[in-house]
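**Q** Got a structure here, written out as structure tokens. Questions coming.
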Amino acid sequence: ILVFSFIYVYLFLVDLEPVSVTPLRPPQHRKCLWRSNSHEYNRTHSRLIDRQHPFRCLNSLQPLAQVQANEHRELILTFANAGMFQFVENLLCSMHELDLWNYIVISFDEESTKRLQEQEIPCVNARAVFNLQVDSEFSRFGQKHYVRMTGVKSAAANAVVNLDLRPVIIDADVVLLRDPLPFLRKKADEEKYDIIFQDDTYMVCTGFYYAVPTQNSKMFLAEVLNLIEASKYEKIDQYVVHDQLADPYWKHTLRFMFLDHLLFPVGKAFFQWKNANHHGLVPYLVHNNWVVGNEIKEHRFKEHLLWWREPDEYYQGHFLSFSFENDGELPRADEYMALRNAFAIASLLKRIVILPKFRCRSRHRPDQEWCTLDYVETVDDLYREFPNQFRENSILFNPRSPSYVREPPLHSLTFDIHTNRHSVPPNDIVHEVLYPKNQECGATSEEILEWLGRLSNQRHIHFLSLHERFVAGPPLDPAFEERLTKAFPKLSEKAAGSATQCSWSWPPNYEHDDREARHSELVRALQNEIQADTAFLNREVTSTPLGKVSAKERIRRRKAHVVSTRHNRHRI
């Protein structure tokens with residue numbers, strides 16, 4: 001028992017890791033396919049479009065469901081309002097690439113209905129069919145309109161299963177990497193399951209499930225819908241289903257199973273535990289849950305090359321990139337200062353920042369070294385404070401990016417700003433070393449403009465490091481600093497006070513050599529610190545009663561303080 005317990009705990013700890021940035025299966029990254037010459041498209045969409053002029057969303061589910069179901073009577077149902085419409089488009093893009101056209105989008109508001117009709121996507125009005133009105137804004141987990149939307153999912157699944165069809169419920173924040181229908185169909189037919197659910201790590205996930213029109217499944221879904229309607233759509237379907245599955249009656253009556261995290265991962269399993277990547281498997285789908293907010297969901301998809309809907313212009317422009325690989329093990333506060341410097345330089349040069357990778361600092365798996373920004377910081381505020389002024393790190397290897405972005409730094413213009421705190425990197429890596437006049441604090445904004453303003457025709461410039469390379473100048477006014485603090489709340493909190501050490505900038509006409517004056521200033525600073533050390537040691541001896549602290553302890557304290565002051569003196 002002890003041996004097996006140890007193995008179980010070890011495997012559990014191994015899996016508690018962030019997912020690797022490298023995607024398992026980079027999508028083709030073509031533009032979204034809204035038309036196709038495939039047999040499945042011609043059987044469903046083309047016939048549907050030919051019937052309706054102009055194309056419109058229907059007010060009844062039954063006739064459209066019979067048309068859209070595939071030959072195995074399987075029908076995919078997903079749900080849209082204006083706040084989540086970009087995720088619906090992304091899901092449909094992944095489905096179209098897999099030649100899956102047997103779906104219906106249930107629209108909750110007029111704006112999403114209008115956009116669905118413009119793109120000629122098979123759709124149904126939720127208000128007309130289920131007599132429910134949902135807000136058009138993005139609804140967070142637990143909010144009133146979110147709860148109503150989950151109730152409509154149960155109503156739609158119940159309606160479809162009573163048509164003797166097999167409903168496949170898919171939330172909008174899902175991306176399909178492989179066609180899951182053959183796997184689910186085989187599981188359900190061979191092992192006689194009524195419903196197959198995705199596992200949300202500690203309870204059932206109703207964001208993806210597959211139902212077979214058996215008597216048990218019809219009774220179960222009807223019971224779930226009755227409980228939701230009895231609560232006046234104030235209960236989340238996930239909790240209702242979870243409670244029902246725990247009921248002894250359904251435990252022994254309903255045949256159900258939970259899908260494996262390796263093949264059907266939820267957000268926690270894919271983006272944090274990295275289960276599929278650790279085992280080298282390609283999952284059927286990725287469910288981007290376990291986070292709240294549009295921006296963080298979109299950013300996670302982008303970083304893993306699972307976002308299809310950006311236009312080609314998104315991958316073009318004048319970019320500025322940098323990395324932490326040459327800085328060693330930087331604390332989070334210094335990583336924030338490097339980000340601050342990057343956004344300051346980019347604002348001066350009118351460039352777009354490409355976010356770097358961050359050290360995961362994982363205690364369970366040290367081989368998982370680099371993570372994306374969403375692992376160390378909230379991303380929602382960054383999208384609000386600096387819209388369209390940065391790009392995700394995966395743009396550096398995205399197939400849709402132009403060559404001047406995807407080429408490694410060795411082949412692009414690579415710079416380093418040399419200061420006394422850093423050594424110059426090897427010449428075969430760096431393209432040019434820039435020497436600021438003030439070696440202690442780094443380059444000023446005027447020097448940055450003088451050095452790099454001439455490179456406006458270069459589409460991508462790369463810095464080996466931006467840690468302690470740039471100081472406050474004209475662009476870093478209080479308003480800009482406040483925007484940075486809001487954009488990186490976690491990192492900036494750890495760097496509080498770091499940005500004020502060198503908050504000055506040289507005047508534009510500054511030319512004389514200040515080495516002698518700077519040397520005198522350093523000598524004075526060193527003398528002041530020696531006096532402070534002496535005063536501290538004397539105070540330590542006189543203020544502590546000899547009876548309470550031994551001579552050995554006093555010597556240990558003195559040594560510890562001297563070591564720390566030597567470290568500070570070395571930095572000066």
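**Q** At 1.4 Å probe size, put Val161, Val292, Val433 in order of accessible surface, largest to smallest.
**A** The ordering from most to least exposed comes out as Val292, Val433, Val161.
**Q** Which net charge results for the neighbourhood of Thr253, defined as the other residues with beta-carbon distances under 10 angstrom from its beta-carbon, given Lys and Arg at +1 and Asp and Glu at -1?
**A** Neighbourhood net charge equals 0.
**Q** Another one. How do Val175, Val291 stack up against each other in accessible area, from largest to smallest, with a 1.4 angstrom probe?
**A** Listed by decreasing accessible area, they come as Val291, Val175.
**Q** Something else now. Can you give me the accessible area per residue for the range 194-258, using a 1.4 Å probe, in Å²?
**A** On a per-residue basis, the range 194-258 sits at 45 Å².
**Q** Please give the FRET efficiency for Met203 paired with Glu407, using the beta carbon to beta carbon distance and R0 = 41 Å, rounded to the nearest 0.05.
**A** 0.30
**Q** Solvent-accessible area of Leu75, probe 1.4 Å, all protein chains present, reported in Å² to the nearest ten, please.
**A** Per-residue accessible area (Leu75): approximately 0 Å².
**Q** Report, by chain and number, residues whose modeled amide H sits under 5 Å from the one on Leu259, excluding near sequence neighbours (fewer than 5 apart, same chain).
**A** Counting only residues 5 or more places away or on other chains, the set is Phe197, Gln198, Asp199.
**Q** Where does each of Arg166, Arg300 land when they are ordered by accessible area, with a 1.4 Å probe and the largest first?
**A** Arg166, Arg300
**Q** While we're here: Evaluate the distance, in nm, between pseudo-label points positioned 7 Å from the Cα of Glu110 and of Ala479 along their respective Cα→Cβ axes.
**A** 3.7
**Q** I'd like to check one number: the per residue accessible area of the range 70-110, probe 1.4 Å, reported in Å² as a whole number.
**A** Accessible area per residue, the range 70-110: 21 Å².
**Q** In addition: Nearest 0.05, what FRET efficiency do Leu98 and Ser231 give at R0 = 35 Å with Cβ-Cβ as r?
**A** Result of the calculation: an efficiency of 0.45.
**Q** For the range 339-355, what does the Karplus curve 6.51 cos²θ - 1.76 cosθ + 1.60, with θ = phi - 60°, yield as ³J(HN,Hα) per residue in whole Hz, taken in order and with x for Gly and Pro?
**A** Residue by residue, the range 339-355 yields 4, 4, 5, 4, 5, 5, 5, 5, 5, 5, 9, 6, 10, 9, 7, 9, 4 Hz.
**Q** Taking the full set of protein chains and a 1.4 angstrom probe, give the accessible area of Arg56 in square angstrom, rounded to the nearest 10.
**A** For Arg56, solvent-accessible area is about 120 Å².
**Q** Let me ask another. Heavy-atom accessible area of Trp451 with all protein chains present, probe 1.4 Å, nearest 10 Å²?
**A** Trp451 exposes around 40 Å² with every protein chain in place.
The values are calculated or read from the model by the stated rules, or taken from the named source; none is laboratory data. Quick caveat, the model's predicted, so the values are computed rather than measured. Here the Cβ is made from the backbone with ideal geometry for all residues, glycine too, and neighbour counts use every protein chain on show. Side chains included, ligands, DNA and RNA excluded: accessible areas come from the protein's heavy atoms. Shrake-Rupley method; radii C 1.70, N 1.55, O 1.52, S 1.80 Å.
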